[in-house]
1. Looking at (1) surrounded by 15 or more Cβ atoms within 10 Å (Cβ to Cβ); (2) of a type in the set (Asp, Glu); (3) over 22 Å from the mean Cα position of the chain (by Cα), can you tell me which one Asp79 breaks?
2. Would you mind stating whether Leu223 is surrounded by fewer than 18 Cβ atoms within 10 Å (Cβ to Cβ) and within 23 Å of Ser156 (Cβ to Cβ)?
3. Quickly run through the stretch 527-553 and pick out the residues that are open to solvent by 40 Å² or more (accessible area, probe 1.4 Å), over 11 Å from His322 (Cα atoms) and of a type in the set (A, V, I, L, M).
4. Scanning for something closer than 30 Å to Arg286 by Cα and crowded, with 20+ Cβ neighbours inside 10 Å, does the stretch 474-483 turn up at least one residue?
5. Is it the case that Lys28 is more than 17 Å from the chain's Cα centre (by Cα), open to solvent by 10 Å² or more (accessible area, probe 1.4 Å) and either on the phi > 0 side of the Ramachandran plot or in contact (Cβ under 8 Å) with a residue 12 or more places away in the chain (or both)?
6. Tell me which of these Val151 doesn't satisfy, since it passes every other one: (1) under 25 Å from Leu27 (Cβ atoms); (2) open to solvent by 30 Å² or more (accessible area, probe 1.4 Å).
7. For the stretch 497-517, enumerate the residues that are in a strand (DSSP E or B) and of a type in the set (Lys, Arg).
Amino acid sequence: MKYVLVTGGVVSGLGKGVTASSIGVVLKACGLRITSIKIDPYLNTDAGTMSPFEHGEVFVLDDGGEVDLDLGNYERFLDVTLTRNNNITTGKIYQSVLEKERRGDYLGKTVQVVPHITDAIKNSIESVAVIPVDGKEGAADVCVIELGGTVGDIESMPFIEALRQLSFSVGQDNFCLVHVSLIPVLGVVGEQKTKPTQHSVRELRALGLTPHLLACRSAQPLLENTKEKLSQFCHVPAGNILNIHDVPNIWHVPLLLRNQNAHLSILKQLNLLDFATTPALQDWTRMAETFDNLTESVRIALVGKYVGLSDSYLSVVKALLHACIACSLKPSIDWIAASDLEDDSARLTPEAHATAWETLRNAACVLVPGGFGDRGVTGMILAAKYARENKVPYLGICLGMQISVIEFARSVLGLERANSNEFDDKTPNPVVIFMPEGSRTHMGNTMRLGSRKTLFQTPDCITSKLYQNSEYVEERHRHRYEVNPEFIGILEKSGLKFFGRDESGNRMEILELPTHPFYVGVQFHPEFKSRPARPSALFLGLILAATGQLEAYLGRHQNGS
């Protein structure tokens, strides 16, 4: 197995994930099979209990793993299906070592960070690296490892030491280190400063790791004298100093690397030059350039709880992008804080309230994504009601589906106190209930997670047609509440149809309002399986409906074209 390690220095948030993904794309384009590992030095076992405000979205994998959003980047860029083991955390490592200690596996030994923790890290990396993720048999050729955080962080020290040992044990021809760093420009002087990167590399070398390539983040392309200075003081050949400057969209990053012959430097270090081909990135180039040249846009109202940080809905944003590009459109996302739509906001922050409603009314479609807790729920219900009454295309995902059920029960059935047990455990009309198999005492890894099968009840519905008239669809889930089966009869009698159910037939997965051009709610998260060249069917349907193309698209599809 060959390893490419991507580390970061100076500051966090430099785009190590995109860099690691892009390296994978270029190497894959050279004919190599690629897998990825993300190391997160935090003590959480996984990302499942972390706030989206603090850490961005929780990405869900087929096997139910709740992982860092960077694994979503890997899946989208490399078109692979990763496992929960591809995300290694300090919590997982310490948990495994402590379980061994309690079993007596280390009997008589003093359990220490070195060698026990570092050995566990190495064993985890080596065992995960050989798991095939591209649907083929056998191990991949190259494993791209991203080490989260910044070099010098206390919590990442055991990982740095383990990776140093790994580089020594696998040999120089099997290990390549790419260090991502920042080249700032001071506003007053206007000069590209190399000192922060010099210090970062010095810190890394002091810990026993020497970078083979530098990936320098900057607003503008690096000057030649900047490269020369970096090469001189960081002991990296000038040809191995890559410049990842700001680009119109992240699909240009693999092209940037290719244009700077990053693949040749990495392949040379890994002794793979004789096994690789010239990178075939024609489709990737076309995709990046297509997006740059789009002029028409569609306005999408995204009504959510965590709109203060766009990374909270990263996969939703990417899925919208994929769908819009398939329709030759640029997505224009209007972020609306759900609480700004509520009556209380009209009294406390009238300007924000007026702006939110004006934005909603000007949108071509409405999307209510997933979330937890009662903050902003009333605003989401108002958004769903607006979309339903005004025939505006609506897509509700997870909580967004449950919101549409609550709104329908209140507005159409006249059940004024209809609610979810999540928001009101004493509601007389619990149209959304806690799932029987859920845990009320433990939060981590206790939801209904991962890829599950949804059976269509009829082929004569928009959702089934968008999924190419499938009898079923497999999508990823992350929820602990569900639509109450006891209310299905009365809801369907009043016009809200549940066209998708789980294999038991009791759990509602897809709802539609047949009298509406596009009013769809799904319990699953279709955004997690969206890919640049294969947009999610439901996101595509939303954009087609927003631009008046859905009926023609479905007609063509039914005719087999």
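1. The single condition Asp79 does not satisfy is (3).
2. Spelling it out, it is not the case that Leu223 is surrounded by fewer than 18 Cβ atoms within 10 Å (Cβ to Cβ) and within 23 Å of Ser156 (Cβ to Cβ).
3. Ala552
4. yes
5. yes
6. (2)
7. Within the stretch 497-517, Lys497, Arg501 meet the criteria.
Yes or no, residue by residue, for (1) surrounded by 24 or more Cβ atoms within 10 Å (Cβ to Cβ); (2) farther than 28 Å from Leu320 by Cβ; (3) in contact (Cβ under 8 Å) with a residue 60 or more places away in the chain; (4) not small (Gly, Ala, Ser):
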position	(1), (2), (3), (4)
Ala383	yes, no, yes, no
Lys391	no, no, yes, yes
Leu395	yes, no, yes, yes
Ser404	yes, no, yes, no
Phe408	yes, no, yes, yes
Ser411	no, no, no, no
Ser420	yes, no, yes, no
Pro436	no, yes, no, yes
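The values are calculated or read from the model by the stated rules, or taken from the named source; none is laboratory data. All values derive from a computational prediction rather than experimental measurement. Counting neighbours? That spans all protein chains shown, and the Cβs are built from the backbone with ideal geometry, glycine included. Note: accessible area is taken over every heavy atom of the protein model, side chains too, but ligands, DNA and RNA are not part of it. Shrake-Rupley method; radii C 1.70, N 1.55, O 1.52, S 1.80 Å.
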